[in-house]
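The values are calculated or read from the model by the stated rules, or taken from the named source; none is laboratory data. Keep in mind that this is a model prediction, so the values were computed, not measured. Note that we place each Cβ from the backbone using ideal geometry, even for glycine, and neighbour counts take in every protein chain shown. These accessible areas exclude ligands, DNA and RNA; they are computed on the full protein's heavy atoms, side chains included. Shrake-Rupley method; radii C 1.70, N 1.55, O 1.52, S 1.80 Å.
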Amino acid sequence: MDLPWGDERTRKFVTNVGLITSDGPNGPDIMACEWTHHISYTPGLIAIVVKKTAATNANIKKTKEFGVNLTSTEQMVMSSIAGGSTGKDIDKIAALKELGFSFYNAKKIKTVMVEGAALNIECTLVNEIELHTHTMFIGEVVETHLSGKASLAFHGGKYWKLSEQLPKPSDKERDHMTKVIEKHTKK
Ligand SMILES: Cc1cc2nc3c(=O)[nH]c(=O)nc-3n(C[C@H](O)[C@H](O)[C@H](O)COP(=O)(O)O)c2cc1C
């Protein structure tokens, strides 16, 4: 069965928005990608899922590298612009620069990276998996930069900031949970 865009069930997920930077046949480009996931610690691996018709897809297939820039809470406009047109038609990097956003040159790969992102990760491609309409690209982390800015959250088609940590269960509740878990130890 399908789980379509905008559907009530699809809208239960909470994700980051990765701004994916690339260079290649479509020139320097940036796209918004909510399907950006950290999937391994050792080595550090990042999976992104990019539609087959995106300029970014062709760029990554050619160059075997991409930048992941996790949007900060100050960059929702950047996310909307990066996700609102294709690099096949629009030089989004130039437009974003004119709108006051800044980029720097990646250290280990040949793309630009987003200044002020919550986290910048330079990746080299280690695997690609063709899905129905999209490709999952798995990149190994080769360089990172941490800005200290908070990550933007994406949920229900809207942008959010995380502001409240839920309280932990009380000591009494935790003691009770520990006892119940121990009671169910497999022999
Ligand atoms: C917040 C947001 C999240 C998005 N997430 C994805 C995603 O995970 N995968 C995808 O293929 N497109 C996603 N898109 C759509 C692409 O960013 C859009 O198709 C873009 O035009 C592709 O740019 P390109 O052709 O320059 O690569 C998202 C758009 C927005 C605004």
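Quick notes on this one:
- Residue-normalised accessible area of the chain, expressed per residue, 1.4 Å probe, Å²: 64
- Ordered by solvent-accessible area of protein heavy atoms (1.4 Å probe), largest first, the residues Thr178, Thr63 come out as Thr178, Thr63.
- Under 26 Å, Cα to Cα: Lys pairs in region 77-182, sequence gap 8 or more or different chains: 24
- With R₀ fixed at 35 Å, the C-beta to C-beta distance from Lys51 to Glu164 puts the FRET efficiency at about 0.55.
- Förster-model FRET efficiency, 30 Å R0, Glu130 and Glu8, C-beta, rounded to 0.05: 0.55
- Taking N as its residue count, the alpha carbon Rg of region 1-119 over 2.2 N^0.38 Å: 1.05
- Computed FRET value (nearest 0.05) for Ser147 with Ser85, which takes r as the C-beta separation and R₀ as 35 Å: 0.85
- Rounded Å value of the spacing that divides the Cα centres of region 1-79 and region 95-171: 8
- Shape category assigned to region 107-187 from the gyration tensor of Cα positions, a/c cut at 1.5: prolate
- Carbon plus sulfur fraction of accessible area for the chain, probe 1.4 Å, in percent: 57
- Accessible area in the full protein assembly, largest first, 1.4 Å probe, for Asp2, Asp23, Asp175: Asp2, Asp175, Asp23
- Rounded to two decimals, the Cα-based Rg/Rh of region 1-56, with Kirkwood Rh, is 1.03.
- Only protein heavy atoms count here; on that basis, with a 1.4 Å probe, Tyr104 has an accessible area of about 50 Å².
- Listed by number, the DSSP H helices of the chain that run 30 Å or longer by alpha-carbon position along their axis and have mean Kyte hydropathy of at least 0.0 come to an empty list.
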